[in-house]
Amino acid sequence: MSGSSEHAAVARVLLASPGTQGGIPDCGRALQGHGLALSLEVVRDAPACARALAAGDSQLLVLDAGCASDEAGEMLGLAQEAGLAVVVAALGSGPLELAYWGSQPVAACASTGAELAAAVRDLLDSGGAAEIPGSVLPSTAILRGLNVALLAIDAAGRISHCNEPAARILGTRAEALQGLPLASCLGSPVPEAHPVAQSLSRGDSFEGYETTLLRADGRNIAVGLSCAPIPGPGGDRAGVVAVFNELREARRMRGDVLQREKMASIGQLAAGVAHEINNPMGFIHANLAQTAEYASELRQIWSRVEALQKVALAGDPVQSRVAAQELAAAAEEVDVSFVLGDLAKAIRESQEGSERIRHIVQDLRDFSHPDSSEREAADVNQCLDSTANIVWPMMKHLVVLQKNYADLPPVPAYPMQIKQVLMNLLVNAYQAIEQRVGRSGEMGTIEVETRVAPEGVEIRVSDDGVGISEEHLQRIFDPFFTTKRVGSGMGLGLSTSFKIVERHGGTLSVESEENVGTTMRLFLPTGPAAPG
Amino acid sequence: MSADSPLVLIVDDEPRILSALRRSLRREPYEVITVESFREAYHVLESQPVTLLLSDYKMPGMTGLHFLAEVARRHPAVVRLLITGWMESIPQQEIDPVGVWAVIDKPWDDAELKDTLRGALKAGPPVPA
Ligand SMILES: Nc1ncnc2c1ncn2[C@@H]1O[C@H](COP(=O)(O)OP(=O)(O)OP(=O)(O)O)[C@@H](O)[C@H]1O
Ligand SMILES: [Mg+2]
């Protein structure tokens with residue numbers, strides 16, 4: 001399109017970018033590189049932007065997402081005052097969906113040079129440069145391709161834009177909704193309390209609101225919805241933008257997370273169990289091989305016994321004497337009395353080993369069915385012991401475990417869930433120690449302490465591992481927050497634990513100092529717990 | 001066992017494993033001593049002419065690898081072997097500098113174990129890299 005006649009009048013685009021001193025920033029080059037005939041004015045900060053806007057001949061502001069956020073906010077405000085549409089350029093950021101930056105409307109977002117050029121071209125072609133964002137929304141390629149349901153409603157309460165995902169959820173085609181009154185997707189009369197209606201009438205914003213929309217087939221559909229007013233040029237409202245998703249889908253995704261949580265603790269469990277099973281498997285396996293050998297040795301002896309029996313019954317004293325001597329020699333060779341004694345011992349030890357494995361499998365089964373419907377009076381010390389038994393083999397080479405138990409009253413709880421929490425805490429403590437000492441040969445200490453607290457019991461798990469930095473401390477209970485390498489942590493241990501503890505009406509808190517250690521404090525109430 | 005037959009020392013904190021290993025090696029041409037801790041192992045190493053040392057990896061207080069590294073310093077003539085369980089894979093670059101003759105998997109195969117030990121005894125101590 002470069003040099004084509006339709007763009008004979010060169011468009012003036014203002015580019016706000018921190019860029020490199022003096023040069024043309026990447027997004028500027030992207031615009032030029034895609035053959036747009038435009039005159040580019042680059043500004044690096046808000047004051048320069050204000051001066052350029054005051055000159056009054058810019059048609060569009062391209063805002064580089066690399067700008068400091070306060071600067072960016074200020075420039076967006078300036079652009080809005082000047083009635084200029086804004087395209088946000090976050091090149092290399094991956095697909096971007098942004099109708100607002102802070103509270104300012106944005107006409108389009110671009111994460112590649114081509115998208116940026118397309119969005120700028122669209123806006124210039126539609127003359128949108130001087131229009132308010134509400135009316136330029138439909139023309140942007142980005143919104144069309146956006147994989148999130150989006151509705152734009154103009155000040156008169158008509159649907160000014162509906163993208164494909166939104167139309168799909170509403171059970172119709174995008175064009176069919178265009179220009180229809182709000183009632184066509186909110187129901188008639190329009191419920192005043194509906195977030196979209198409130199946004200339109202009072203300028204309120206909503207985020208992650210669970211509500212319903214009316215489908216073309218007359219059914220209501222549950223959605224999670226966020227919406228916000230689009231400010232118009234004179235400070236009045238130009239309309240509302242709403243994005244939403246289907247709750248059924250949201251629920252399914254939550255289900256995935258639950259499944260992953262389960263998998264996370266099963267992974268930890270598998271590692272613990274593997275170590276537990278190595279030893280009994282090892283000696284049972286060896287003992288069986290040895291038992292087979294003993295059996296064949298004893299068979300040799302038995303054949304001598306039979307030979308002796310035969311000659312003795314025949315009444316041949318000389319032959320009998322020879323056979324008896326041979327038997328004695330063989331018995332000595334095989335060391336029969338030892339073999340008989342050790343055979344019994346090998347069998348006994350193997351039985352004990354298989355019993356151990358049976359216990360482990362039992363524990364595992366308990367863990368994988370954690371949800372009994374009734375709470376029981378749980379002995380927290382016992383929960384700690386049985387959990388420590390499971391994880392101990394995986395950490396014994398690096399950890400000294402100190403237990404300090406008080407006599408505790410029973411706690412109404414789902415014991416398996418409590419064990420899951422304790423296991424998460426113990427494994428985290430071990431991993432923190434592992435990170436600190438590496439393979440230096442040093443040891444760490446985990447201290448497990450229980451005590452009676454007002455109206456409940458308290459369990460502390462302390463370690464002298466790496467500790468947690470102040471900035472991470474806020475985030476450790478967030479799902480998927482992890483500092484561990486891929487494959488070793490999913491970042492679900494603590495968020496799962498937190499939920500379980502909440503369900504029990506308890507609390508889980510952390511104290512930590514970097515390079516010193518961490519204490520996790522778990523409180524469980526003895527009284528009738530919170531509903532759950 | 002004759003006075004000059006080799007002496008094999010085995011360390012594992014699990015007595016049932018030691019008992020099974022003694023069984024497996026009962027008829028082998030060397031004497032077997034088993035202990036349950038590194039402390040006892042040092043004691044034996046200091047007081048008896050140990051030819052070969054087989055250590056478990058996961059031990060309370062220290063890994064078998066650290067122990068073998070220490071033994072390599074104090075008793076370089078002792079042939080050193082490690083026994084490890086499922087999911088205890090140890091990076092080769094950590095094993096190499098310690099001069100470990102072989103790493104035996106737990107559960108072990110009797111015939112293989114005997115072959116490995118005989119081979120190790122015949123070869124003598126490896127020179128640490
Ligand atoms: N005892 C601790 N010492 C140091 N850091 C900890 C400790 N416990 C938790 N953390 C930090 O909190 C993060 C989140 O812990 P969480 O248990 O939720 O996930 P994870 O251990 O990383 O993975 P997962 O538990 O799913 O295997 C950890 O990655 C770690 O940075
Ligand atoms: Mg964890």
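A single member of A:Gly465, A:Gly489, A:Gly517, A:Gly493 is small (Gly, Ala, Ser) and more than 7 Å from ligand 1 (Cβ to nearest atom), and it is A:Gly517. If you go through segment B:83-111 and keep only what is closer than 19 Å to B:Glu28 by Cβ and of a type in the set (A, V, I, L, M), you end up with B:Ile83, B:Ala102, B:Ile104, B:Ala111.
One line per residue, one yes/no per condition, for (1) at pLDDT below 95; (2) more than 23 Å from B:Arg118 (Cα to Cα); (3) open to solvent by 60 Å² or more (accessible area, probe 1.4 Å):
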{"site": "B:Ala3", "(1), (2), (3)": "yes, no, yes"}
{"site": "B:Arg22", "(1), (2), (3)": "no, no, yes"}
{"site": "B:Val32", "(1), (2), (3)": "no, no, no"}
{"site": "B:Leu53", "(1), (2), (3)": "no, no, no"}
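Whenever a residue of segment A:326-339 is in a helix (DSSP H, G or I), its partners that are open to solvent by 60 Å² or more (accessible area, probe 1.4 Å) and of a type in the set (S, T, N, Q), lying with C-beta atoms within less than 9 angstrom and at least six residues away or across chains, give the pairs A:Ala330/A:Gln300; A:Ala330/A:Ser303; A:Ala331/A:Ser337; A:Glu333/A:Gln300; A:Val334/A:Gln300.
A count restricted to segment A:449-468 and to residues that are touching a residue at least 60 places away in the same chain (Cβ under 8 Å) and either within 14 Å of another protein chain (Cβ to nearest Cβ) or touching a helix residue (DSSP H, G or I) at 6+ places or on another chain (Cβ under 7 Å) (or both) stands at 4.
Residues in segment B:55-71 that are of a type in the set (D, E, K, R) and either at pLDDT below 90 or open to solvent by less than 10 Å² (accessible area, probe 1.4 Å) (or both): B:Asp56, B:Lys58. For A:Ala54, indicate whether it is of a type outside the set (Ser, Thr, Tyr), modelled with pLDDT under 75 and loosely packed, with under 15 Cβ neighbours inside 10 Å. It is false that A:Ala54 is of a type outside the set (Ser, Thr, Tyr), modelled with pLDDT under 75 and loosely packed, with under 15 Cβ neighbours inside 10 Å.
Starting from residues that are small (Gly, Ala, Ser) and in a loop (DSSP other than H, G, I, E, B), keep the ones in segment A:426-448 and report whichever is farthest from the other protein chains (Cβ to nearest Cβ). Taking the candidates together, the pick is A:Gly438. Would segment A:257-277 turn up any residue that is away from ligand 1 (no atom under 16 Å from the Cβ), within 14 Å of chain B (Cβ to nearest Cβ), part of a helix (DSSP H, G or I) and modelled with pLDDT under 80? Yes; the residues of segment A:257-277 include at least one that is away from ligand 1 (no atom under 16 Å from the Cβ), within 14 Å of chain B (Cβ to nearest Cβ), part of a helix (DSSP H, G or I) and modelled with pLDDT under 80.
For segment A:452-462, state whether one or more residues are away from ligand 2 (no atom under 12 Å from the Cβ) and over 21 Å from A:Asn404 (Cα atoms). Scanning segment A:452-462, I find no residue that is away from ligand 2 (no atom under 12 Å from the Cβ) and over 21 Å from A:Asn404 (Cα atoms), so the answer is no.
The values are calculated or read from the model by the stated rules, or taken from the named source; none is laboratory data. Everything numeric in this text was worked out from a predicted model, so none of it was measured. Positions of Cβ are backbone-derived with ideal geometry, glycine not excepted, and every protein chain shown enters the neighbour counts. When the accessible area is computed, the model is the full protein with side chains, heavy atoms only, and any ligands, DNA or RNA have been set aside. Shrake-Rupley method; radii C 1.70, N 1.55, O 1.52, S 1.80 Å.
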